């Protein structure tokens with residue numbers, strides 16, 4: 001894989017790096033994207049029928065069962081070389097901010113700290129009514145049947161239904177995480193976008209903000225997308241293929 005020397009130099013000399021990850025990173029660990037999971041499993045449902053407050057109010061057992069099946073996949077998955085490379089990159093640059101659209105915890109399990117989850121976390125549910133957090137019982141339960149309805153747990157504070165901790169259609173992004181993500185995007189020297197299709201707003205704005213404010217914009221994706229035209233350089237390949245190589249390039253220049 002070839003990369004211009006001036007790009008390598010800017011990456012090695014960067015003071016603030018922001019890594020923005022999408023579903024493509026976790027797909028290499030066997031976690032399907034939400035829409036991929038609909039194919040075959042819940043193919044008779046529209047996405048908004050399984051991921052919105054209205055859907056949960058109408059049929060909480062269907063929505064909870066769908067998300068619990070996804071949570072079981074996440075719990076059984078393992079970080080891949082892409083996740084591990086990002087965690088290592090944090091030790092090679094003065095400051096790294098990791099922003100993800102993914103709702104799993106594979107970045108954390110790979111060793112990344114203070115991950116900004118713009119779309120919530122599937123293992124951090126809370127009460128639909130009072131929003132009090134809910135803690136799962138210890139251990140790994142059996143995987144629910146695909147498409148099976150499961151009654152959600154009840155809140156210990158108000159007896160409301162517990163809902164999945166992900167951002168649904170119609171929900172706002174978590175305000176604190178979004179503010180930090182925007183602030184760091186505007187301040188970063190290098191913006192690395194990995195495995196993101198950039199079809200979901202407002203998160204899809206971040207790469208354009210970085211590019212507009214002069215950051216080196218590295219796009220990593222196995223398939224060409226519209227954002228390729230905005231990137232300083234496009235590295236075609238999966239996160240697990242490209243990121244370890246890219247991090248080794250930085251490490252070599254850093255003398256580590």
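The values are calculated or read from the model by the stated rules, or taken from the named source; none is laboratory data. Remember, it's a predicted structure, so these values are computed and weren't measured experimentally. As a convention, Cβ positions derive from the backbone with ideal geometry for all residues, glycine included, and neighbour counts pool all protein chains shown.
Would you say residue 84 is in contact with a strand residue (DSSP E or B) (Cβ under 9 Å, 6 or more places away or on another chain) and at pLDDT 95 or above?
Spelling it out, it is not the case that residue 84 is in contact with a strand residue (DSSP E or B) (Cβ under 9 Å, 6 or more places away or on another chain) and at pLDDT 95 or above.
Find the residue count for the range 204-248, including only residues that are in a loop (DSSP other than H, G, I, E, B), out of contact with any helix residue (DSSP H, G or I) (no Cβ under 8 Å at 6 or more places or on another chain) and modelled with pLDDT under 90.
4
For the range 101-131, give me each residue that is closer than 15 Å to residue 176 by Cβ and crowded, with 23+ Cβ neighbours inside 10 Å.
Within the range 101-131, just 117 meets the criteria.
Yes/no per residue for (1) at negative phi; (2) at pLDDT 90 or above; (3) out of contact with any strand residue (DSSP E or B) (no Cβ under 7 Å at 6 or more places or on another chain):
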{"residue": "3", "(1), (2), (3)": "yes, no, no"}
{"residue": "15", "(1), (2), (3)": "yes, yes, no"}
{"residue": "26", "(1), (2), (3)": "yes, yes, yes"}
{"residue": "42", "(1), (2), (3)": "yes, no, yes"}
{"residue": "55", "(1), (2), (3)": "yes, yes, yes"}
{"residue": "59", "(1), (2), (3)": "yes, yes, yes"}
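Whether any residue in the range 120-142 is under 30 Å from residue 216 (Cβ atoms) and in contact with a strand residue (DSSP E or B) (Cβ under 6 Å, 6 or more places away or on another chain) is what I want to check.
Yes: the range 120-142 contains one or more residues that are under 30 Å from residue 216 (Cβ atoms) and in contact with a strand residue (DSSP E or B) (Cβ under 6 Å, 6 or more places away or on another chain).
Regarding the range 107-124, can at least one residue be identified that is over 30 Å from residue 249 (Cβ atoms), at pLDDT 95 or above and not in a loop (DSSP other than H, G, I, E, B)?
yes
Output the residue which, of all residues in the range 174-203 that are touching a helix residue (DSSP H, G or I) at 6+ places or on another chain (Cβ under 9 Å) and part of a loop (DSSP other than H, G, I, E, B), is surrounded by the fewest Cβ atoms within 10 Å (Cβ to Cβ).
Among residues in the range 174-203 that are touching a helix residue (DSSP H, G or I) at 6+ places or on another chain (Cβ under 9 Å) and part of a loop (DSSP other than H, G, I, E, B), the one surrounded by the fewest Cβ atoms within 10 Å (Cβ to Cβ) is 202.
Of the residues that sit in the range 150-173 and are in a loop (DSSP other than H, G, I, E, B) and over 26 Å from the mean Cα position of the chain (by Cα), which one is surrounded by the most Cβ atoms within 10 Å (Cβ to Cβ)?
The selected residue is 155.
Using the structure shown, decide if residue 78 is under 15 Å from the mean Cα position of the chain (by Cα), touching a residue at least 12 places away in the same chain (Cβ under 8 Å), on the phi < 0 side of the Ramachandran plot and crowded, with 20+ Cβ neighbours inside 10 Å.
no
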